[in-house]
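Remarks on the structure that follows.
None of the figures in this text is laboratory data; all of them are computed from the coordinates on show. None of the values given here were measured: they were computed from a predicted structure. Don't worry about glycine lacking a Cβ; one is built from the backbone with ideal geometry, like all the others, and counts go over all protein chains shown.
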Amino acid sequence: MSASLIERVRERLAAESASQSGRLRPDVVADAIRAESGGVLGDTEVLSNLRVLQTELSGAGILEPLLAGPGTTDVLVTAPDSVWVDDGNGLRRSSIRFADDDAVRRLAQRLALAAGRRLDDAQPWVDGLLTGIAGGRLTVRLHAILPPIAVAGTCISLRLLRPATQDLAALVASGAIGSAAATLLRDVMAARLAFLVSGGTGAGKTTLLSALLGSIPGHERIVCVEDAAELAPPHPHLVTLVARGSNVEGAGEVTVRQLVRQALRMRPDRIVVGEVRGGEVVDLLAALNTGHDGGAGTVHANSPAEVPARLEALGALGGLDRAALHSQLAAAVDVVLHVSRTPAGLRSLSEIAVLQRNPETGECRTVTAWHVERGAGPGSDELQRLVRRRITP
């Protein structure tokens with residue numbers, strides 16, 4: 001099937017608004033093929049072309065089998081003949097191939113449109129959320145960037161957002177959390193200590209946070225604010241607020257920071273921010289300093305020691321200077337839980353640290369209370385003191 005015929009059919013379907021839902025009816029596509037081919041194609045040729053067009057015009061195209069694979073977390077396209085997949089065991093090159101960069105570009109632009117975004121020479125990158133992938137079973141975070149910004153050709157990054165539903169016992173059974181660490185985590189939750197889960201991309205921050213939220217007593221009201229709905233703990237009183245990007249006209253945006261402020265008005269027992277990555281850190285720290293014990297969030301960092309510096313940078317985005325940030329942080333957050341991926345790809349809890357403030361400089365630092373390789377650390381006594389202070393009547 002020629003590229004020109006594909007493009008003509010695409011334009012006809014767009015004009016008829018047949019593809020707006022992302023689910024093209026076969027009879028509509030077949031009629032469009034017959035019309036644009038001048039009616040000279042037989043039923044066998046129409047059926048063959050129909051399969052090609054359904055791949056081109058619906059879902060994630062030829063990437064759908066990779067996305068639907070068990071355990072898939074990421075699908076990355078770096079060139080027409082370079083498609084990579086991470087199924088939980090690290091990245092590996094797949095056998096999927098695109099015909100040329102134009103085919104990659106067409107897919108990227110169609111996915112951008114499905115996410116309510118534009119992607120063209122004037123706006124050469126896009127970041128958005130896709131629903132309805134793989135028959136409506138998956139939600140995917142899309143990022144794409146066009147040449148010449150991407151020198152080697154159009155790049156597509158797809159990350160699957162699977163609801164995090166595992167509980168603490170399941171993570172212990174899988175080896176992601178050691179038994180000694182699990183005891184400490186239960187103490188942290190019972191004492192309603194505020195905590196941050198740190199780690200790199202794909203290290204399991206959301207999975208651990210969701211498991212911990214599932215251990216909260218059922219009578220407590222949890223209000224979660226997320227950029228995309230990933231937290232799904234088995235809890236009877238969970239309220240989830242999800243941010244929304246602007247539409248193609250630049251209107252309708254609802255930010256995480258705005259939702260954190262709304263969460264304060266919803267009578268929460270615990271406020272949770274799925275991922276702190278901007279000025280919303282100011283509102284989260286303010287919320288945790290207004291009587292909402294046991295709040296939580298996740299943040300990207302390479303180690304617990306780097307968390308204060310990371311929050312400094314985010315606080316600057318929200319207009320909070322260094323001294324104010326450390327003052328708020330010292331009063332708001334008690335514990336940092338760090339997760340990481342082993343060389344074999346296993347996601348696990350690697351360190352628990354407590355936050356301490358230097359009385360002379362006023363700056364916060366983390367002190368290791370437990371480490372996966374070394375066991376109890378110098379911050380162990382401080383962690384136990386925090387727990388006893390909250391639990392002891």
Legend entry - Efficiency of FRET from Cβ geometry, THR44 and GLU220, R₀ 56 Å, rounded to 0.05: 0.35
Legend entry - Distance between modelled label sites at ARG93 and ALA229, nm, 7 Å Cα→Cβ extension: 3.9
Inset, instruction - Could you check the simple spin-label distance between MET266 and THR201, using points 7 Å along Cα→Cβ, in nm with one decimal? - result: 2.8
Inset, instruction - With a/c under 1.5 counting as rounded, go ahead and sort the stretch 63-161 into rounded, prolate or oblate using the C-alpha gyration tensor (a ≥ b ≥ c being the square roots of the eigenvalues; past the cut-off, prolate if a/b is larger than b/c, else oblate). - result: oblate
Inset, instruction - Quick one: order ARG93, ARG105 by neighbouring beta-carbon count within 10 Å, fewest to most. - result: ARG93, ARG105
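At a Förster distance of 51 Å, what's the computed FRET efficiency of THR361 paired with ASP100, Cβ-Cβ distance as r, to 0.05?
Details: r = 58 Å, r/R0 = 1.13.
My answer for the efficiency is 0.30.
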Legend entry - Additional length obtainable on full extension of the chain from HIS371 to ALA180, 0.36 nm per residue less Cα span: 67.7 nm
Legend entry - In nm, spacing of pseudo-spin labels at THR131 and ARG388 (7 Å Cα→C-beta vector): 5.0
Inset, instruction - Please give the contour-minus-distance gain from THR290 to VAL242: 0.36 nm per residue of separation, less the Cα-Cα distance, rounded to one decimal in nm. - result: 15.0 nm
